[in-house]
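The block underneath contains the structure these notes are about, expressed in structure tokens.
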Amino acid sequence: MKKSKEKITDIKSITFSELTKYVKDLGEQSYRAEQIFNAIHNNMVPQIMDIHVLPKDLRAKLQQRFPGRKMEILEKYDSKLDEVSKYLILLHDKNIIETVLMKYKFGYTQCISTQVGCRMGCAFCASTKNGLIRNLTPAEMIDQIYLVQKNQDIDVRNVVLMGSGEPLDNYDNVLDFLRIIHSPKGKNMSYRNITLSTVGLVPQIYKLAEEKIPITLSISLHSPFDEKRKEVVPMAHKYSISEIISACENYLDLTSRRITIEYALVKDFNDRKKDAAKLQELLRNMLYHINLIPVNPVVEFDLAKPGSKAVRRFYNDLKSRGMNVTIRRELGNDINAACGQLRQYYLDNMGTKF
């Protein structure tokens, strides 16, 4: 999708350099851009008319050009098992997205959505069941963070683009989001604290590498064999595993950032010894980390989650081969905190709470 700046209606969707140019074009001094950017991205002032350091006439011009689009928290669910909160967020067009906040010893991490729905069709992801509805704007990605920060009076310093949607299928908007959230004039989030997850859109991985933005790239692999991967990841029919690995090696060369391999474990499907051996062969020349994820239950997905002993056995097999691997903690199971689960439940039950 070709990006059209003319269609941007929310000032949070433009980068600091774009905002500076716009302010200068209005005949204002460049420091006004700093005041605006700081008010929005540090002080989280919700409305342009509330930025009182600006003259009223400038606020009026900005409000006319960037009327904004309202987002609000529709529902919030707090896990009774761990320190996880899941939010359903209502967009201006009545679409619903979700975002998850997780508390760790090192601070808060938020998982945000990049699209309403998804067209990748991965078998065990609930967010893709109704296809792609639309892309999110940079402002709609940013506001997921700001709404949660205000709600809990916290500072989110780590973000993973692993919620609903394929980030690289919304490439331009995601790239602007990264630049805006990282800007020293605003929230100043370190690129090294941002992870982007993809099913492996090879051309976009090469394109992202050329930006030399040192975020962590996470690949949803799920099987080391092309034919098996095609059963759960439709995009595998378009891009082979060898093509994805080559793109990852290029990304590593240009960014010096270790690649994360996301691997959803499915009983008797991808948890065999030959899977471990093939993973070792695939990744032998790459700096990587494997994240094992016992698959979350999704109604439409009829393959089973492996038992804890099977998960540990596969983990030990990889470790015995000298591979860098961990088992992801299962968080928020009591609030359907896996990608897409809660939104689908809400829609299916017409807003009925748990």
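The values are calculated or read from the model by the stated rules, or taken from the named source; none is laboratory data. Not measured: the values here are computed from a predicted model. Note that each Cβ is placed from the backbone with ideal geometry, even for glycine, and that neighbours are counted across all protein chains shown.
Below are the figures for this structure:
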| read-out | value |
| --- | --- |
| Test: Ser240 is surrounded by 15 or more Cβ atoms within 10 Å (Cβ to Cβ), in contact (Cβ under 8 Å) with a residue 60 or more places away in the chain and of a type outside the set (A, V, I, L, M, F, W, C) | no |
| Which listed residue, of Leu279, Leu254, is surrounded by 15 or more Cβ atoms within 10 Å (Cβ to Cβ), within 30 Å of Tyr191 (Cα to Cα), in contact with a Pro (Cβ under 8 Å, 6 or more places away or on another chain) and in contact (Cβ under 8 Å) with a residue 12 or more places away in the chain | Leu279 |
| In region 316-330, the residues that are out of contact with any strand residue (DSSP E or B) (no Cβ under 9 Å at 6 or more places or on another chain) and hydroxyl-bearing (Ser, Thr, Tyr) | Ser320 |
| Top-ranked residue of region 278-335 - restricted to ones that are assigned to a helix (DSSP H, G or I) and β-branched (Val, Ile, Thr), ranked as modelled with the highest pLDDT | Val311 |
| Residue in region 153-173 that is in contact with an Asp or Glu (Cβ under 8 Å, 6 or more places away or on another chain) and of a type in the set (S, T, N, Q) present | yes |
| Filter pass, Ile261 being β-branched (Val, Ile, Thr), modelled with pLDDT of 95 or more, part of a helix (DSSP H, G or I) and surrounded by 15 or more Cβ atoms within 10 Å (Cβ to Cβ) | no |
| Answer residue from region 130-163, given it is crowded, with 19+ Cβ neighbours inside 10 Å and in a loop (DSSP other than H, G, I, E, B) and is nearest to the chain's Cα centre (by Cα) among those | Met162 |
| Selected residue (criterion: farthest from Lys187 (Cα to Cα)) from residues of region 103-129 that are under 14 Å from the mean Cα position of the chain (by Cα) and polar (S, T, N, Q) | Ser127 |
| Residue check for Tyr171: in a helix (DSSP H, G or I) and farther than 29 Å from Val295 by Cα | no |
| Count of region 47-65 residues which are surrounded by fewer than 17 Cβ atoms within 10 Å (Cβ to Cβ) and not in a helix (DSSP H, G or I) | 4 |
| Verdict on Leu101 being farther than 23 Å from Asp172 by Cβ, among the hydrophobic types (A, V, I, L, M, F, W, C) and either at pLDDT 95 or above or surrounded by fewer than 21 Cβ atoms within 10 Å (Cβ to Cβ) (or both) | yes |
| Residues satisfying the stated conditions in region 204-227, i.e. out of contact with any Leu (no Cβ under 9 Å at 6 or more places or on another chain), part of a helix (DSSP H, G or I) and crowded, with 18+ Cβ neighbours inside 10 Å | none |
| Some residue of region 73-86 being assigned by TED's automatic domain parsing to the domain that holds Val148 and among the polar types (S, T, N, Q) | yes |
| Test for Thr9: is it among the hydroxyl-bearing types (Ser, Thr, Tyr) and part of a loop (DSSP other than H, G, I, E, B) | yes |
| Residue tally, condition assigned to a loop (DSSP other than H, G, I, E, B) and surrounded by 17 or more Cβ atoms within 10 Å (Cβ to Cβ), over region 66-90 | 4 |
| Pairs with Cβ under 6 Å, 6+ apart, first in region 312-323 and under 10 Å from Lys273 (Cβ atoms), second surrounded by 14 or more Cβ atoms within 10 Å (Cβ to Cβ) and hydroxyl-bearing (Ser, Thr, Tyr) | none |
